[in-house]
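Where a number appears in this text, it was derived from the coordinates with a stated rule and is not lab data. A quick note: this is a predicted structure, and the numbers were derived from the prediction, not measured. Heads up, the Cβs are rebuilt from the backbone with ideal geometry, glycines too, and the neighbour counts pull from every protein chain shown.
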Amino acid sequence: MRSLENCLALVTGASAGIGAATARALHGAGCKLVLCARRQDRLEALAAELGGAEVVSLDVRDAEAVQAKLSHQPFDLLVNNAGLGLGVEKLHAGDPEEWSTMIDTNIKGVLHVYRAVAPGMLERGQGDIVTLGSVAGFQVYPGGNVYCATKHAVRAIYEAMRVDSVGSGVRFTNIQPGMVETEFSEVRFRGDEDKAKQVYDGMDPIRPEDVADAILWAVTRPANINIGEIVIWAAAQASTSLVHRG
């Protein structure tokens, strides 16, 4: 088991949900943290809760800002978590502006952060890079369309990172959860809390802490082991579109 004591870890999308839960788990394992998201007030509150962490207010869609703020740090661990879904309209009725926001955040944002952090890890010959995918990365569901496409892309990027960096000493993991109860659905329904709650009605979803636990397990394996992909379903969820509700 690899110790994370004093490892320098970057968590994007750390202001809520899986990102915040992962930050707490890594802090508990002894990591020094850099927390990144757009909502600085949320980041500062989390940093205070953890007894101190570096806070970086940043939109991962901004390639120049990502490079300027993150490329100088010798990170041992990256959790490339920032992402979102917007809307559930059929593809022919979708909003191109929302498509761009998802593509720029979920795909380009992952690439921007990777490009800022990976060269240093590769040069030092060690590190862990965790991407947050989704079961939507291999199963499309009604209303998912462009969001699902972005998560298919994340899975392809994960595979490309492994191929391009084989033998480097850097490990790559893609975490692919199903239904996790976070602010994701509230954002997707553009702030409609009632619709967001209905997503999880009658079933017991995955918690952010469950995903954080999987990440922690993956990155603490011995150096000769690379946990490549972890798929996490809620027990009540058989596929992206089949959920048992009691």
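Values for this structure:
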read-out	value
Amide H within-cut-off set for residue 183, under 5 Å, with H built and near neighbours excluded	17
Phi-based couplings in Hz for segment 134-149 (Karplus 6.51, -1.76, 1.60; Gly and Pro marked x)	5, 4, 5, x, 9, 9, 7, 9, x, x, x, 3, 5, 4, 4, 4
Estimated 222 nm signal from helices in the chain, with DSSP H stretches of n ≥ 4 weighted -39500 (n - 2.57), rounded to 500	-11500 deg cm²/dmol
Integer Hz, Karplus 6.51/-1.76/1.60 couplings in order for segment 108-116, x for Gly and Pro	5, x, 4, 5, 4, 5, 4, 5, 6
Cα centre as origin, Lys/Arg/Asp/Glu Cβ charges: segment 8-232 dipole, Debye	560
Distant-in-sequence amide H partners of residue 55 (H built 1.01 Å from N, under 5 Å)	35
Sum of side-chain charges, residue 24 neighbourhood, beta-carbon under 10 Å (Lys, Arg +1; Asp, Glu -1)	-2
Cα long-axis angle, helix 40-49 against the chain (0 to 90 degrees, to the nearest 10)	60
For a label point 7 Å along the Cα-to-beta-carbon line of residue 238, residues of segment 172-195 with backbone N under 19 Å	178-179
Percentage relative contact order, segment 24-169, counting C-alpha pairs under 8 Å, at least six apart	22
Value of relative contact order over the chain, rounded to a whole percent, pairs C-alpha under 8 Å and six or more apart	20
Relative contact order (percent, whole number), segment 1-97, Cα cutoff 8 Å, 6+ residue spacing	31
Segment residue 41-residue 194, extension gain: residue separation times 0.36 nm, minus the distance between their alpha carbons	52.6 nm
